[in-house]
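The values are calculated or read from the model by the stated rules, or taken from the named source; none is laboratory data. Please read these numbers as outputs of a predicted model, since none were measured by experiment. Cβ atoms come from the backbone with ideal geometry, glycine included; neighbour counts cover every protein chain shown. Surface accessibility is based on the protein's heavy atoms, side chains included, excluding ligands, DNA and RNA. Shrake-Rupley method; radii C 1.70, N 1.55, O 1.52, S 1.80 Å.
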Amino acid sequence: QVQLVESGGGLVQAGGSLRLSCAASGIFIDRNNLGWYRQAPGKQRELVATITWIGSTNYADSVQGRFTISRDNAKNTVYLQMNSLKLEDTAVYYCALPASGTGYWGQGTQVTVSS
């Protein structure tokens, strides 16, 4: 049974940082592309960042230069380092495998940015 478990969310002041983790079980991530998505209240889920199995990354314009996606295949985990957080980054963050969002999802972790 494949499971993705996100962690690391919380309440942070604007300008602060958080690091999200997504630990996979039941599947090895080393040959998969993974993605981070987010969904703010009243909005559609949107793609934030992706990382391919060879480590190539891509970001939404809104987070480019502030967020960094990475992976540790030995730990079967993907990360999202979020710096310079803004109020508009408040959302539930989900990891997805594959990155297209057509397969497995985690349960999400809440990120709240306060002023």
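Figures for the structure shown
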item: Search result, residues across segment 59-72 that are surrounded by 15 or more Cβ atoms within 10 Å (Cβ to Cβ) and not β-branched (Val, Ile, Thr); result: 59, 60, 66, 67, 71
item: Among (1) in a strand (DSSP E or B); (2) open to solvent by less than 30 Å² (accessible area, probe 1.4 Å), the one test that residue 99 misses; result: (1)
item: Contacts under 9 angstrom Cβ, first residue in segment 50-69 being in contact (Cβ under 8 Å) with a residue 24 or more places away in the chain, partner open to solvent by 70 Å² or more (accessible area, probe 1.4 Å) and part of a loop (DSSP other than H, G, I, E, B), 6 or more apart; result: 50/100; 62/86
item: Selection within segment 7-31 - open to solvent by less than 40 Å² (accessible area, probe 1.4 Å), within 22 Å of residue 55 (Cβ to Cβ) and not hydrophobic (A, V, I, L, M, F, W, C); result: 8, 21
item: In segment 8-61, residue nearest to residue 82 (Cα to Cα) [restricted to those that are part of a loop (DSSP other than H, G, I, E, B) and of a type in the set (Phe, Trp, Tyr)]; result: 53
item: Filter result for residue 110 (touching a Gly at 6+ places or on another chain (Cβ under 7 Å) and open to solvent by 20 Å² or more (accessible area, probe 1.4 Å)); result: yes
item: Residue count, segment 3-42 (criterion: charged (D, E, K, R) and touching a strand residue (DSSP E or B) at 6+ places or on another chain (Cβ under 8 Å)); result: 3
